[in-house]
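A quick write-up on the structure given underneath.
Each value in this text was obtained by applying a stated rule to the coordinates, not by laboratory testing. Predicted model, so just to flag it, every value in this text is computed and none were measured. Every residue, glycine as well, gets a Cβ built from its backbone with ideal geometry; the counts of neighbours run over all protein chains shown.
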Amino acid sequence: MRPLMVELEEPRAPESAFGCLEGYPEGALWRHPSVRAAAELMWQRTRSPYRVRWVVGSMRRFLADLNLGEPEALVSHCREVPTRADAVVDSYWRFLAEEGHSVGQVSALCMGPMLWLRANDVRVAWTPASALAHKDGGADRPLPFPQLNARDRFVLTALTACNLVMSEMVVLRLADVGEIEGSAASWRPHPEVDAPAVRVPPAAAQDGQERVTFLSYDAGRALQNYLAERRAAGHALGLDAPLLADADGNPTTMDALAHVSQRMDSLLRVTRELNVDFCVETGKALRAWRQYHS
């Protein structure tokens, strides 16, 4: 008897912001206008279903963790009281830190609510007061990949966590680091502060379509460290300056980053091997548990 063959259909790619949330718990929030505004903005600028769910999901957790009630009420209050948004995001930072989350995790969990508020024309600082105090107190952990120079450290950190590829990074300019501005989703270059976003214009994008992605906490720190080093070396850091530059200030080439690419390939290989080993050992443990309890 021939075994029954079942063909699994490939999941269809979402074609809208609602499609990114449909079938997920976050979809229940679609009825709120402020949530729709944030989801539509993220879909328009990032074209990433994951990013849409990330913003709505982290906003949902934010409201629940602080018992803030309905999203529309908070947005209205923040519009009426300009200091309210910064205060509530700062309280969320402290709440997460007290729960034992790392500063990188806290930063990522706070980013969703901040993007949600900004998508609804509520101004909120990218760096909460408690995060500034954390930095001023010198409590920041060491930058990742300490054996690399500042440029290569930033590149490798961005490649591992920020949905960027090297061929895109070598053609970006400092004008491509900034923030999405308000409900109009306009782009505001802002490379000198902790602005969290990177714009990949059509000319740089692998698929020829513009998108926005976001820097992780470590990638943002690595970028600011790299820019400080270039500034100290006397490099011009205008908006037209390259995101990645050689020691002489000229744009970096792919060939100059070949060793970083090799290191990235090694990291991916080790990660895959660890995942396989983890799955194998988990299977062994489950079989042993079943035998013990059978």
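So how much slack lies between residue 18 and residue 233, counting 0.36 nm per residue of separation and subtracting their Cα-Cα distance, in nm? Can you show the working numbers first?
Details: separation 215, 0.36 × 215 = 77.40 nm, distance 4.79 nm.
Extra length from residue 18 to residue 233 when fully extended: 72.6 nm.
Which order, highest average first, do 231-238, 30-37, 62-69 follow once you tally other Cβ atoms within 10 Å for each residue and take the mean per peptide?
On the way: 231-238: 11.5, 30-37: 16.9, 62-69: 14.2.
Output ranking for 231-238, 30-37, 62-69: 30-37, 62-69, 231-238.
Rounding to the nearest 20 debye, state how big the charge dipole of the range 150-270 is about its Cα centre with +1 on each Lys and Arg Cβ and -1 on each Asp and Glu Cβ. Spell out each step's value before the answer.
Working: 11 positive and 16 negative charges, 44 e Å.
Once rounded to the nearest 20, the dipole reads 220 debye.
Within the range 212-232, whose backbone N sits under 19 Å from a point 7 Å along Cα→Cβ of residue 247?
Counting only backbone N, you get 226-232.
Using the basic label-point model (7 angstrom from Cα toward the beta carbon), what is the residue 255 to residue 65 distance in nanometres?
Modelled inter-label distance: 4.8 nm.
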